[in-house]
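A short worksheet on the structure shown next.
No value in this document is a laboratory result; all are computed from the given coordinates. Here the structure is a predicted model, which means the values were calculated and not measured. Cβ coordinates were reconstructed from backbone atoms using ideal geometry, including for glycine residues, and neighbour counts include every protein chain displayed.
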Amino acid sequence: MKKAILAVVSACLMTVPMAFAQTRTRNSTTEAQHKRGANMEMRVEHRVNYLSTVLSLSNEQHQKAMTIFSDAAKANSPVFANLRTARKNLSTAVKSNEPASTIKELSNTIGNEAGQLVANEATAREQFYQILNPEQRTKLSQLRSERWGHYGMGARGAMGF
């Protein structure tokens with residue numbers, strides 16, 4: 001009996017590490033892109049749902065807002081990819097003691113890409129503002145001043161709702 005139990009325990013102890021050592025067969029880059037896309041859609045939906053609630057958007061306004069902010073998020077997707085690449089290149093250039101001109105060029109690229117993000121967001125906010133009625137515009141202004149008034153520009157004060 002003791003030998004049988006000892007044999008079963010030994011077999012379990014040898015097979016458990018193999019079960020945990022299984023490798024993933026999916027492409028991690030594809031998974032990361034899928035997650036970013038899903039997260040982007042969730043963020044847009046959350047943002048529009050919040051705005052719909054606090055501003056009492058109509059169904060038509062809600063749909064237009066979803067389109068506006070989804071389009072902006074899609075426009076920003078390649079910009080974020082460019083930023084990731086540019087930041088990685090800058091880090092590599094600094095670590096490998098590249099000339100100052102290369103570091104400046106890479107830094108300017110990062111600045112241009114960040115500027116594109118701000119422009120895309122500002123365009124989306126402008127389009128959203130145009131679909132609001134005067135009462136909703138007033139309410140949005142009040143929300144922004146209440147939310148960010150104590151902190152100046154704050155983390156998102158320059159960019160959004």
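Modelled spin labels at LYS95 and LYS139, positioned 7 Å past Cα toward Cβ, are 5.0 nm from each other.
Summarising the label geometry, the points placed 7 Å from Cα in the beta-carbon direction at ARG43 and ILE131 lie 1.9 nm from one another.
Of ALA93, GLN127, PRO78, which is farthest on the positive side of the dipole of region 51-137, counting Cα position, with +1 on Lys and Arg Cβ, -1 on Asp and Glu Cβ, and the Cα centre as origin? Highest projection toward the positive end goes to ALA93.
Full extension of the chain segment joining GLN116 with VAL54 gains 19.5 nm, where the gain is 0.36 nm per residue of separation less the Cα-Cα distance.
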